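Undergrad: Pasting in a structure now, in C-alpha cells, and then I'll have a few things to ask.
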Amino acid sequence: MRSATVKVAVVTGAGSGIGRAVALALLRAGWSVVLAGRRSELLAETAALSGDARDCALSHPTDVADPASVAALFGATKTRFGRLDLLFNNAGTGAPPVPLEDLSFEHWKRVVDINLTGAFLCTQAAFRLMKDQDPRGGRIVNNGSISAHVPRPRSVAYTATKHAITGLTRSTSLDGRAYGIACGQIDIGNAGTDMTRAMSKGVMQADGSIAAEPVMDVSAVADAVLYMAGLPLEANVQFMTVMATDMPFIGRG
C-alpha cells in the first residue's frame, strides 16, 4: 500500500534527455512517477535506471498531442496512485533548421501540436485532478527553454511555441490560484543531452557564423526541477533560468 505521504508526479518526455533526468531525480527523492512518452522501450529504460525505486514508476506510452491519449495518461495516474502532486510539462520537439519561408506546414503543425497543444492538454487534465482531490492542489512546471526569451536562427516553430509556453505558464498560475495549483516555468539552456550533441561541434549563431557552444550536465536541470517541486504550495518559483554559464544567451543577437 502506497504511503499517503508519498507525492505523485507525471513527467512527459520521460524516455530521454531532460525528462529522463528529472524523472530519475524524483524517483530517487522518494516520489512516485508516471513516465509518459511516445516510445515504450525508452520509458522502460528510464524505469530500469531508477534501480530500487522502479516499483514507484509507472510507464505509460502517450502522445501528448492526442486528447484521448492524454486522458488515458491521467486516468491511469488516478487509478494507480489516487492523486497528482506535480506535472512536469517537458515533452517537446523541433523542426528542421531551414529558412522560415521554406518550413513546411506539416513541420510547423507537428511542433505546435506537441510543444504547445500537448502542454495545454496535460495542464487541463492535471487541473481536473488537482482541483478535485483531497487535499486539493498541486504544482505544474513547464519546460520553457532559453528560446522562450530569444530565438536561434531558423527556429521559428520552436521559438514561437516556447514563447507561447510563457503565456500558458502565466495563465495557469493565475487560474490555478483558486484551487491551490501553483505553476512555474524553467528555462533551460544547453543541457547536455543527445539533442545538444551538435553544440560541441558548432551551431549557427545570430550573425550566420558557426561556433561551438558549451553545455552543462543535465543533472543541474534535474536538481533545479526537484527544488521547484519540493516547495510548499504557499511558495512558487514563477520563472527560473538554468543554463551553461558561458553559452551565448546574454547578448545573443
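The values are calculated or read from the model by the stated rules, or taken from the named source; none is laboratory data. Model, not experiment: these values are computed from the prediction. A quick note on method: Cβ atoms are made from the backbone with ideal geometry, for glycine too, and the neighbour counts reach across all protein chains shown.
Undergrad: If a residue has to be assigned to a loop (DSSP other than H, G, I, E, B), on the phi < 0 side of the Ramachandran plot and surrounded by fewer than 16 Cβ atoms within 10 Å (Cβ to Cβ) to count, how many in region 67-103 make the cut?
TA: Result for region 67-103: 4.
Undergrad: Quick one: which of ARG20, ARG54 is of a type outside the set (Val, Ile, Thr), over 17 Å from PHE120 (Cα atoms) and either surrounded by fewer than 23 Cβ atoms within 10 Å (Cβ to Cβ) or at pLDDT below 95 (or both)?
TA: Unique residue meeting the criteria: ARG54.
Undergrad: Among (1) assigned to a strand (DSSP E or B); (2) among the β-branched types (Val, Ile, Thr); (3) surrounded by fewer than 20 Cβ atoms within 10 Å (Cβ to Cβ), where does VAL112 come up short?
TA: Exception for VAL112: condition (1).
Undergrad: Something else about it: Quick check: is even one residue across region 160-181 buried (at least 17 other Cβ atoms within 10 Å of the Cβ), among the aliphatic types (A, V, I, L, M) and part of a loop (DSSP other than H, G, I, E, B)?
TA: There is no residue in region 160-181 that is buried (at least 17 other Cβ atoms within 10 Å of the Cβ), among the aliphatic types (A, V, I, L, M) and part of a loop (DSSP other than H, G, I, E, B).
Undergrad: Also: Of everything in region 185-234, what is within 30 Å of LEU27 (Cα to Cα) and part of a strand (DSSP E or B)? Give them in sequence order.
TA: Within region 185-234, GLN185, ILE186, ASP187, ILE188, GLY189, ALA191, GLY192, MET216, ASP217 meet the criteria.
Undergrad: Residues to consider are ALA36, ALA25; find the one that is in contact with a strand residue (DSSP E or B) (Cβ under 7 Å, 6 or more places away or on another chain), buried (at least 17 other Cβ atoms within 10 Å of the Cβ) and hydrophobic (A, V, I, L, M, F, W, C).
TA: Only one candidate passes the filter, namely ALA36.
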